[in-house]
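Worksheet for the structure shown next.
The values are calculated or read from the model by the stated rules, or taken from the named source; none is laboratory data. This one's a predicted model, so the numbers in the text were calculated from it and none came from an experiment. As a convention, Cβ positions derive from the backbone with ideal geometry for all residues, glycine included, and neighbour counts pool all protein chains shown. Note: accessible area is taken over every heavy atom of the protein model, side chains too, but ligands, DNA and RNA are not part of it. Shrake-Rupley method; radii C 1.70, N 1.55, O 1.52, S 1.80 Å.
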Amino acid sequence: MGKAYLKVATVYFTIGVLAGLTMGIIHDFRFTSVHAHVNLLGWVSMALFGLIYHFYPKAANSKLAKTQFWLHNIGVPVMLGGIALQVLGVSAALAPTIIGSIAVVLGVILFMVNVFKYVGKDSSYNSDNNVSL
């Protein structure tokens, strides 16, 4: 699960960088919110999910992780597409934006539950400097 997230994260990172470059070159910043969401929900969040799942394989191998992966990876592009269409003035794009956003939020909640369930003393990666909660 960690490797899958890291690979998808690098795709979003590339898209985010190219979008930022394009907006800067053409001086059209209408899609700044899409650019920000690509970078934060695509690149940063997925890279962090990937790293956490790499270091906590019990969490990565759970049904929660797999469900969260699909909710996030379906929700993010649907939400981003909806936001982009709204920027272009397509009012009907509100529905996919909301649906995608709800999928992302549900995925984040599953991630939180998964971390609390599997990231602990007996499932963590070994380090003398770990702080347990």
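Scan the range 14-57 residue by residue and report those that are among the aromatic types (Phe, Trp, Tyr) and over 11 Å from the mean Cα position of the chain (by Cα).
Going through the range 14-57, the residues among the aromatic types (Phe, Trp, Tyr) turn out to be 29, 31, 43, 49, 53, 55-56.
Within the range 14-57, Phe29, Phe31, Tyr53, Phe55, Tyr56 qualify.
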task: Show the residue pairs that are 6+ apart or on different chains and have beta-carbon atoms under 7 Å apart, the first residue being within the range 62-87 and in contact (Cβ under 8 Å) with a residue 12 or more places away in the chain, the second being open to solvent by 40 Å² or more (accessible area, probe 1.4 Å) and among the hydroxyl-bearing types (Ser, Thr, Tyr).
output: Ser62/Tyr118; Ile83/Ser33
Matching residues, the range 21-53, being surrounded by 16 or more Cβ atoms within 10 Å (Cβ to Cβ) and either more than 24 Å from Gly82 (Cβ to Cβ) or aliphatic (A, V, I, L, M) (or both): Met23, Val34, Val38, Leu41, Met46, Ala47, Gly50, Ile52, Tyr53
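Leu106: open to solvent by 60 Å² or more (accessible area, probe 1.4 Å) and modelled with pLDDT of 95 or more, yes or no?
Details: open to solvent by 60 Å² or more (accessible area, probe 1.4 Å): yes; modelled with pLDDT of 95 or more: yes.
Considered against the rule, which asks whether it is open to solvent by 60 Å² or more (accessible area, probe 1.4 Å) and modelled with pLDDT of 95 or more, Leu106 comes out as yes.
Looking only at the range 74-92, filter to residues that are of a type in the set (A, V, I, L, M) and under 13 Å from Ser33 (Cβ atoms); which one of those is surrounded by the fewest Cβ atoms within 10 Å (Cβ to Cβ)? Step through it out loud before you land on a result.
Step one: filter the range 74-92 for residues of a type in the set (A, V, I, L, M), giving 74, 76, 78-80, 83-85, 87-88, 90, 92.
Adding the requirement that they be under 13 Å from Ser33 (Cβ atoms) leaves 79-80, 83-85, 87-88.
On the way: Met79: 23, Leu80: 23, Ile83: 22, Ala84: 17, Leu85: 17, Val87: 14, Leu88: 10.
So, considering only residues that are of a type in the set (A, V, I, L, M) and under 13 Å from Ser33 (Cβ atoms), the one surrounded by the fewest Cβ atoms within 10 Å (Cβ to Cβ) is Leu88.
Here's the yes/no breakdown for (1) closer than 18 Å to Val104 by Cα; (2) among the aliphatic types (A, V, I, L, M); (3) surrounded by fewer than 14 Cβ atoms within 10 Å (Cβ to Cβ):
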position: Leu6; (1), (2), (3): yes, yes, no
position: Ala9; (1), (2), (3): yes, yes, no
position: Thr14; (1), (2), (3): no, no, yes
position: Ala19; (1), (2), (3): no, yes, no
position: Asn61; (1), (2), (3): no, no, yes
position: Gln68; (1), (2), (3): yes, no, no
query: Looking at the range 1-100, what helices (runs of 4 or more DSSP H) fall wholly within it and have at least 3 residues that are over 21 Å from Val115 (Cβ atoms)?
result: 2-26, 32-37, 63-87
